[in-house]
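The values are calculated or read from the model by the stated rules, or taken from the named source; none is laboratory data. Since the model is a prediction, treat every value here as computed from it, not as a measurement. So basically every Cβ, Gly included, is an ideal-geometry build from the backbone, and we count neighbours across all protein chains shown. Note: areas computed on protein heavy atoms with side chains; ligands, DNA, RNA excluded. Shrake-Rupley method; radii C 1.70, N 1.55, O 1.52, S 1.80 Å.
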Amino acid sequence: MFCFQCQQTAHNTGCEGSAGVCGKKADTANYQDDLVSALIGLARAVRKKGATEKSDELMLKGLFTTITNVNFYNDTICALIDEVNKEKEAIAPQTDNYDVQTIWDDDEDIRSLKSLILFGLKGMAAYAYHSYALEYTDPEVQAFFYEGMEALGEEHTADELLSLVLKTGDVNYKCMAMLDRANTETYGTPVPTTVPLTIEKGPFIVVSGHDLHDLKLLLEQTKDKGINIYTHSEMLPAHGYPKLKAYPHLKGNFGTAWQSQQFEFHNIPAPILFTTNCLMPVRQSYSDRVFTTSIVSYPEMVHIGEDKDFTPVIEKAIACKGYDREKPLKGINGGSTVTTGFGHGAVLENAGKIVDLVKKGKIRHFFLIGGCDGAAPGRSYYTEFAKKTPMDTIILTLACGKYRLNDLDLGEIEGLPRILDMGQCNDAYSAITVALALAEAFECDVNELPLSMVLSWYEQKAVCILLTLLHLGIKNILLGPTLPAFISPNVLDILVKNYNIMPTSTPDEDLEKLLGPA
Ligand code: FSO
Ligand code: SF4
């Protein structure tokens, strides 16, 4: 096996040998590579003869399957490879697949640029798949999957690949806009919401991952059954959506970010439903309580199929009974509630007030502390950074990295909380929308705003978001906790020269860099 697609890759060079740091075994990694090779074949067939509804679905499912912490089950991966090959043959017989190993063995700059495209496409596939589940599609977004995948199997110069890297960011921006539309038109515009971390007594179900559609179906099926529903990790922003919030049994949030699940789920008296990543290798103390659905699967765990009949999860919740008394859980800084729901709708409703506070000098700076959490010890940087931000600054958060700081009480500025959670990782779209609106209000370039992006990355969705920010010309991004192993020194040079991307250092140094001496 060879895999270096995520932040925790071994020695920050690549996972090799019998298993990756995420627990993905060598055979699974090799099947995932076979799946990507087959998807390049499918892209070639489609580019010759045109797409089908089936090829569109398979491209999204296939790429999503290979994202970190989504699928650990060889049987489902192999079944998908067969389906992809069959569809390719039906579209354009005798189209060859492409061995993705060729990319791993290529010149390091070509490998780096092709990795940026492939990993960006994987992340974008997740967003396109969530939109697709809500029946939102965009032909331009879909067509680019085929264009990008076909290009991976061809020889291109570094310049040609670099322009495809930026095009991936451009198309991902449209994809995130589509998902934003899908979510807000289906579930309403998110509203600021305080979410308890306490678990009430009685049967409950924990829902993890990003798929709001799956959550909604489960809420419907558990209505009036005496079962409470708690979000976990990236599902937390669901509480802000009016049409999900309306379910009285959507009670609160369980636990913190994904990398703490093996500890937090230990002996939990309830089932956990994984709708997407991040699933970690399942420990025995809760293995009879893990259920998967959609693209997620794991050997021996019960999988809820396309009929979305959650009866096995509901029966398990009743059998587990939940806690026999209220369980007051806490965030990592000891807080007992967190807030969410400050998407672009809610923030821009206050745009006039925000602009005014900036003009009066009451708000000096905005920090977007966004991105994914992970196990790396250096990630406490983000908690420290947030604690050290001056009182006249606002922190915008998104994705699961927020659990490092979202239970902190950092106060308010004239009634505006200093921490505003914009949502899941795809809600980077909200942050961009707000930034562009502020740039318009202040009649300046977005890079001249008093706004800094302090990002944390973990898996491939973060890659497509980063490419979108670069495509939009956003400069001076601080990126941590480590730089991606798949960025070669020459490619890094380009990113530094054109965008002044910087690795995070210490909170004090970085704050000084961004705000000037204290
Ligand atoms: Fe986190 Fe996992 Fe949302 Fe990622 S739960 S790490 S970037 O899947 O997608 O933020
Ligand atoms: Fe290693 Fe990350 Fe790949 Fe898992 S997904 S094998 S941890 S690089």
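Quick look at the numbers
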quantity	calculated
Amide proton proximity set for T339, modelled H, under 5 Å, gap of 5+	V195
Karplus-derived HN-Hα couplings along segment 191-197 (A = 6.51, B = -1.76, C = 1.60, θ = phi - 60°), whole Hz, x at Gly and Pro	10, x, 9, 9, 10, x, 9
Solvent-accessible heavy-atom area per residue, rounded to whole Å², over segment 111-247 at 1.4 Å	32 Å²
Rg(Cα)/(2.2 N^0.38 Å) for the chain, N = residue count	0.93
Fraction of accessible area attributable to carbon and sulfur, the chain (%, probe 1.4 Å)	50 percent
Residue-wise HN-Hα coupling along segment 254-259, computed from phi with Karplus coefficients 6.51, -1.76, 1.60 (Hz; x: Gly, Pro)	9, x, 10, 7, 4, 6
P(r) weight above 18 Å for segment 193-328, C-alpha pairs, percent	48 percent
Length added when fully stretched, K387-A143, from 0.36 nm per residue minus Cα-Cα	83.4 nm
Inter-probe distance in nm under a simple model that places probes 7 Å from Cα toward Cβ, at K225 and L472	4.0 nm
Nitroxide proxy distance, nm - points 7 Å out along Cα→Cβ at K201 and A79	4.2 nm
Computed lengthening from N30 to K243, 0.36 nm per intervening residue step minus Cα-Cα distance	72.5 nm
Counting DSSP beta bridges with both ends in the chain, the antiparallel % (nearest 5)	25 percent
Residues with amide H under 5 Å from that of G322, placed H, sequence gap 5 or more	F204
Förster radius 41 Å - calculated FRET efficiency between E160 and E509 (Cβ-Cβ, nearest 0.05)	0.65
Backbone HN-Hα couplings from phi across segment 277-292 [Karplus 6.51/-1.76/1.60, Hz, Gly and Pro as x]	5, 10, 8, 9, x, 7, 7, 4, 5, 9, 5, 7, 10, 9, 10, 10
Heavy-atom surface of segment 341-515, accessible at 1.4 Å and reported per residue (Å²)	36 Å²
Pairwise FRET efficiency - V21 versus K308, Cβ, R0 = 35 Å, nearest 0.05	0.60
